[in-house]
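In what follows, a structure is listed as C-alpha cells, so that the remarks can point back to it.
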Amino acid sequence: MHRRTALGGALTALATAAAGVLVVAAASTTPAAAAAGGTGTGYLHTSGNKIVDSTGATVRLTGINWFGMETDNKTFHGLWSSNPWRGQLDTMARLGYNTLRIPYSNDALKSGATATGINDFVNPDLIGLSPLQILDKVIDYAGSKGMRVILDRHRPTSAGQSPLWYTSTVSEATWINDWKMLAQRYAGNTTVIGADLHNEPHAEGTNPAATGACWGCGDTARDWRLAAERAGNAILGVQPNWLIFVEGVSCPSGGLSNVWDNDPSNDEDCGWWGGNLSKAGQFPVRLNVANRLVYSPHEYATSVYRQAWFDDPTYPANMPAIWDKYWGYLYKQNIAPIMMGEFGTTLQDPKDKIWLQNLMAYTGTGVNGMSFTYWSWNPNSGDTGGIANDDWTTINQPKQDILTPYLIPPTGGGGTTSPSPTGTPNTSPAPTTPPPPVTGGCTATYKQINSWAGGFQGELTVKNTGTAAVNPWSATWTWPSGVTLASGWNATVTQSGTTVTAAAPGWASSLAPGASVTVGFTANGTAAAPATVKLNGTAC
C-alpha cells in the first residue's frame, strides 16, 4: 500500500485479563457537556479531552478517509467508476460518516496541476477542473449534507511518504505556505474544520545516526513536535478557528529499533507510523491559540503488519494497555482530545475482527467517545481494503456492521459556502409542514446518463412554469416495482414503495418562476424513466 510500512518494537504486555474480553472506554474526567447533533454548529474547538462546537456542545467526529488527491491522479479515486462523486458522498453520509478526511500532496496544489482518472461521462461537471476546484466542489457538497472536512497533508509529492515533513525538493517553507494558502482559501467556511499537518512522521536510519522524525529530541531538523508547533502556529495566524491535528511518530528517537538493525542496545518502544504519542505528555505541542490542539494517532491490524502484540497469549486483553501507552492516556488524563486519523483492516485474519471490535469499544460509545476517521472509503487500499466494494457503490457490510454502533450521522447543513436565496447561510432543518402548491404548472424532462448490469444513472429536470416561486419545492415520481434508489444529489432524495421524493436542500429551497432544477440519481434494477412526475403535488 502507498502509505505505510509498520515498525515493530518490543512491548511487554501490561494487561493480564482473560483473552476475549471486550474493552470499554474510560469515562471522561470532565463533566458531561450537552450533546450536539451531527457535527454541531459553527467552528469547533477543544475543552479538555472533548471537541465542542461554538455553543459548547460536545461533538464526536465519526468520519472516513477518501484518498487519491495525494497520488499521481491528484484527485479522489473512484471518479473513474460508474458511481458519480455526489453519489459516493451521499452513501458516506447515509451510512453515518459525519466527517471526511481528505489526503493531498503538495503536487496537487501546484499551479497547472491536472486531475486525471475521471469518468467524464459519469462526472461531466468535473471536466476541465483543477484538483483544487474539484476539492472545492466536494467540500461544498459535503457541507450541504452536514459533514465536516479535515485536510490531510499526506505526502510532499505524489511519489510517496516521507519520514520528515520536508524533503530535498519540498521545503518546510513550502509545506507551511501551502497550508496557509488552504487556510485562506476556506476561511469562513465552517465545513473545513482543520489541518492534519503531516501524515505519519516516522523513524529512518539507525541510532545513533538516526535521520527520521523524533519527538522531544530538540533537533529542529527532526523534532516533529517542534515542527508541528511552527506549522500549527503559522496556520492559526491565518485561520485561528481551525483545529490543528497532530499525529505521533513511530520511534521517539527517530531511529529504527532493533527489529530492523539487530542491535539490542538501540532497542526502544516503537509503534505504527504516526501512532506513537507516548512522549506528548512530557513534550506537548504548544500552540499560540488555546483550545485548538487535537492529537491524531494511527492504528492498524495484522493486514498492515503483524506487530508482536497480536501474538501475545493474552490477546486481545493486552490491547487497552498498549493503546493507553501510545495515545489513550492523553484522553484519559483529560490532556487533549483524540481523533484517530486512520485505522483499518481487510478483516481477512480472524484476529483483525477482534482487534476492530475491541478498538471501537475502547473509543467509547455516544457523543463523548473519541473521534475517528476510518481508513478508508476506497476499496483500492492494498493493505486494508475499504468500506466501498470494488464497484465503488456497494458496501463491505461486515466492516460497516462493526463501525455502525459508533457512528453519529451528519444532520442539517454544516457549510456556509452555498447561499440561501436571501444570501445568508441557511442550515435550518427541513420543514415539517406540507410544501405549498404550485401556482401554475411545471414541466419535466428526463435523461438517462448511464446504465450497467443491474443499475442505471439518470437526471430529472423539473421546471417551474408557474407565476410564483415554489418555496420549498419538492418533486415526486414513481418507478416500476423492483427499481430502487441507490443515491441522489442536488436534493434530499428518498424512496417509499414505488414513489421517490426529491426534497429541496436547505441551501437552494426556492424554485423561482421559469427556473428549473436537475435532480441526479443512481438506481438499482432495470432502467426506467420517472413516471407521474409532480412538483409540490401538481402534475408536470
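The values are calculated or read from the model by the stated rules, or taken from the named source; none is laboratory data. Everything numeric in this text was worked out from a predicted model, so none of it was measured. For neighbour counting, all protein chains shown are included, and Cβ atoms are generated from backbone atoms with ideal geometry for every residue, glycine included. SASA here: full protein model, heavy atoms, side chains in, ligands and nucleic acids out. Shrake-Rupley method; radii C 1.70, N 1.55, O 1.52, S 1.80 Å.
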Can you pull out the residues in region 153-188 that are touching a Leu at 6+ places or on another chain (Cβ under 8 Å) and under 20 Å from Cys214 (Cβ atoms)? Arg153, Trp165
Could you check region 367-406 and list, in sequence order, the residues that are small (Gly, Ala, Ser) and open to solvent by less than 30 Å² (accessible area, probe 1.4 Å)? Gly369, Ser371, Ser376, Ser381, Gly385, Gly386, Ala388
Looking at (1) closer than 30 Å to Thr191 by Cα; (2) not in a strand (DSSP E or B), which is the one condition that is false for Ala527? (1)
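Tell me which residues, restricted to region 439-479, are aliphatic (A, V, I, L, M), in a loop (DSSP other than H, G, I, E, B) and at pLDDT below 85.
In the first step, residues of region 439-479 are kept if they are aliphatic (A, V, I, L, M); the result is 444, 449, 453, 460, 462, 468-470, 475.
So of that shortlist, the ones also in a loop (DSSP other than H, G, I, E, B) come out as 453, 468-469.
If the condition is that a residue be aliphatic (A, V, I, L, M), in a loop (DSSP other than H, G, I, E, B) and at pLDDT below 85, then Ala453 is the only one that fits.
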Collect the residues in region 378-395 that are within 23 Å of Gly364 (Cα to Cα) and either over 17 Å from the mean Cα position of the chain (by Cα) or small (Gly, Ala, Ser) (or both), keeping them in residue-number order. Gly386
If we keep just the residues of region 191-245 that are aliphatic (A, V, I, L, M) and part of a loop (DSSP other than H, G, I, E, B), which is farthest from the chain's Cα centre (by Cα)? Ala209
Hey, among the residues in region 517-538 that are among the polar types (S, T, N, Q) and open to solvent by 30 Å² or more (accessible area, probe 1.4 Å), which one's farthest from Asn450 (Cα to Cα)? Thr538
Quick one: count up the residues across region 91-139 that are assigned to a helix (DSSP H, G or I), touching an Asp or Glu at 6+ places or on another chain (Cβ under 8 Å) and polar (S, T, N, Q). 1
One residue is enough: does region 140-150 have a residue meeting the conditions under 27 Å from Lys279 (Cβ atoms), in contact with a strand residue (DSSP E or B) (Cβ under 6 Å, 6 or more places away or on another chain) and not in a helix (DSSP H, G or I)? yes
Which ones in region 132-169 are open to solvent by 10 Å² or more (accessible area, probe 1.4 Å), farther than 17 Å from Met69 by Cα and of a type in the set (A, V, I, L, M, F, W, C)? Leu164
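Take Pro436 and decide whether it is over 33 Å from the mean Cα position of the chain (by Cα) and modelled with pLDDT under 90.
Working: over 33 Å from the mean Cα position of the chain (by Cα): yes; modelled with pLDDT under 90: yes.
Yes: the conditions hold for Pro436.
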When Thr499 is run through (1) open to solvent by less than 60 Å² (accessible area, probe 1.4 Å); (2) in contact (Cβ under 8 Å) with a residue 40 or more places away in the chain, the failure sits at (2)
Check on Trp489, of a type outside the set (D, E, K, R) and open to solvent by less than 20 Å² (accessible area, probe 1.4 Å): yes
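When you go through Ala321, Ala336 one by one, which is the residue that is at pLDDT 95 or above, buried (at least 18 other Cβ atoms within 10 Å of the Cβ), touching a Leu at 6+ places or on another chain (Cβ under 8 Å) and closer than 29 Å to Tyr43 by Cβ? Spell out how you get there, then give the answer.
Values: Ala321 fails: closer than 29 Å to Tyr43 by Cβ.
Exactly one residue qualifies, and that residue is Ala336.
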Kindly check whether there is at least one residue in region 282-297 that is of a type outside the set (Lys, Arg), over 26 Å from Gly237 (Cα atoms) and crowded, with 17+ Cβ neighbours inside 10 Å. no
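Of all residues in region 65-124, which are among the hydroxyl-bearing types (Ser, Thr, Tyr) and open to solvent by less than 20 Å² (accessible area, probe 1.4 Å)? Before the answer, list the steps.
Of region 65-124, the ones among the hydroxyl-bearing types (Ser, Thr, Tyr) are 71, 75, 81-82, 91, 97, 99, 104-105, 111, 114, 116.
Residues satisfying the conditions are Thr71, Thr75, Ser81, Thr91, Tyr97, Thr99, Tyr104, Ser105.
Which one is nearest to Pro297 (Cα to Cα) among residues in region 201-222 that are of a type in the set (Val, Ile, Thr) and in contact with a helix residue (DSSP H, G or I) (Cβ under 9 Å, 6 or more places away or on another chain)? Can you show your working first?
At the first step, the residues of region 201-222 found to be of a type in the set (Val, Ile, Thr) are 206, 211, 220.
From the residues that got through so far, the ones that are in contact with a helix residue (DSSP H, G or I) (Cβ under 9 Å, 6 or more places away or on another chain) too are 206, 220.
On the way: Thr206: 23, Thr220: 22 Å.
Here the answer is Thr220.
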